[in-house]
Amino acid sequence: MRLKAQTVSVVIPTFQEGKYIATTLSRLVGANHLTEIIVVDGGSEDKTIKASRRFTDKVFVVRERGIAKARNYGARQACGDVLIFLDADVTTPVDFVEKVLETFSDSSVVGATCSIMPAHSRLYERVFFHVHNCLTRILARFRPHCRGEFFVARRSQFLRVNGFDESLPCTEDHELAFRLSKRGRFVFIKGLTVYESLRRFRKLGLPRVVGIWLANYLSFIIRGKNISKVWSPVR
């Protein structure tokens, strides 16, 4: 079944994102069919908040840290039928909202992600991300796997399952994708690619980042909790 025209809200959690946020938001304001942009800041002391207010009047400052908490807070303020959770260092193509709306015109779809590629990358990094995207697309058919850099959810279903699990310092995106998939289809949007910075990879190195990802993901699958006690920001 195809639904009537829907509205879209973008929710961006921030903390000390002065280097990236203006670029990210400037791309968003040029997008068609976007209802609102919501920024939820965790107490930045740089120019993040000031820069954000140049692009949207929905900038909220919360003192309790945690990316899941920030995303859930933003979702509660949103009015869009479809929620797009976006990281502050992710840039989007101008037609990304149209592609999201086309996907969510199918009433059976409750969540989605897309290809995430690195900006300003080296060949081996592009190869790694390409392989990761292929695995994500394959896993979407069995056990949805979704990175929080670009996470889309139907707002009604997101609220029904109580959003992201705030007790998880990481893998909260994979956990929510799995819960949503029990209520409908969690899909991989074809023909859509967004680009993220490589700041974590540049600071820690690709092998170490992948090792941390894998250890936390396997721990969550086996034990229901992460190995990492916190997910430290890289700035």
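Here are the numbers for the structure shown:
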{"item": "Residues within segment 114-134 that are part of a helix (DSSP H, G or I) and either surrounded by 11 or more Cβ atoms within 10 Å (Cβ to Cβ) or charged (D, E, K, R) (or both), tallied", "result": "9"}
{"item": "Qualifying residue in segment 163-171 (condition: polar (S, T, N, Q) and crowded, with 20+ Cβ neighbours inside 10 Å)", "result": "yes"}
{"item": "Considering residues of segment 1-25 that are in contact with a Phe, Trp or Tyr (Cβ under 7 Å, 6 or more places away or on another chain) and either among the acidic types (Asp, Glu) or not in a loop (DSSP other than H, G, I, E, B) (or both) only, the residue farthest from Phe164 (Cα to Cα)", "result": "Leu25"}
{"item": "Residue, farthest from Pro144 (Cα to Cα), within segment 175-185, restricted to residues that are under 14 Å from the mean Cα position of the chain (by Cα) and buried (at least 22 other Cβ atoms within 10 Å of the Cβ)", "result": "Leu176"}
{"item": "Qualifying positions in segment 59-68 - surrounded by fewer than 18 Cβ atoms within 10 Å (Cβ to Cβ) and either among the hydroxyl-bearing types (Ser, Thr, Tyr) or at pLDDT 95 or above (or both)", "result": "Phe60, Val61"}
{"item": "Residue within segment 33-47 that is part of a helix (DSSP H, G or I), in contact with a Phe, Trp or Tyr (Cβ under 8 Å, 6 or more places away or on another chain), β-branched (Val, Ile, Thr) and over 17 Å from Ala177 (Cα atoms) present", "result": "no"}
{"item": "Test: residue in segment 117-135 that is among the β-branched types (Val, Ile, Thr) and either within 23 Å of Pro233 (Cβ to Cβ) or in contact with a His (Cβ under 6 Å, 6 or more places away or on another chain) (or both)", "result": "no"}
{"item": "Any chance Thr48 is hydroxyl-bearing (Ser, Thr, Tyr), farther than 16 Å from Ala78 by Cβ and surrounded by 22 or more Cβ atoms within 10 Å (Cβ to Cβ)", "result": "yes"}
{"item": "Any hit, segment 58-80, residues being in a strand (DSSP E or B) and closer than 23 Å to Ala177 by Cβ", "result": "no"}
{"item": "Flag if Arg147 is modelled with pLDDT under 95 and farther than 18 Å from Ile84 by Cα", "result": "no"}
{"item": "Which numbered condition Gly111 fails, given (1) modelled with pLDDT of 95 or more; (2) assigned to a helix (DSSP H, G or I)", "result": "(2)"}
{"item": "Answer from Arg199, Arg179, Arg185 - the residue that is charged (D, E, K, R), without any contact (Cβ under 8 Å) to a residue 24 or more places away in the chain and out of contact with any helix residue (DSSP H, G or I) (no Cβ under 7 Å at 6 or more places or on another chain)", "result": "Arg179"}
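The values are calculated or read from the model by the stated rules, or taken from the named source; none is laboratory data. In this text, all values refer to a predicted model and were calculated from it rather than measured experimentally. Heads up, the Cβs are rebuilt from the backbone with ideal geometry, glycines too, and the neighbour counts pull from every protein chain shown.
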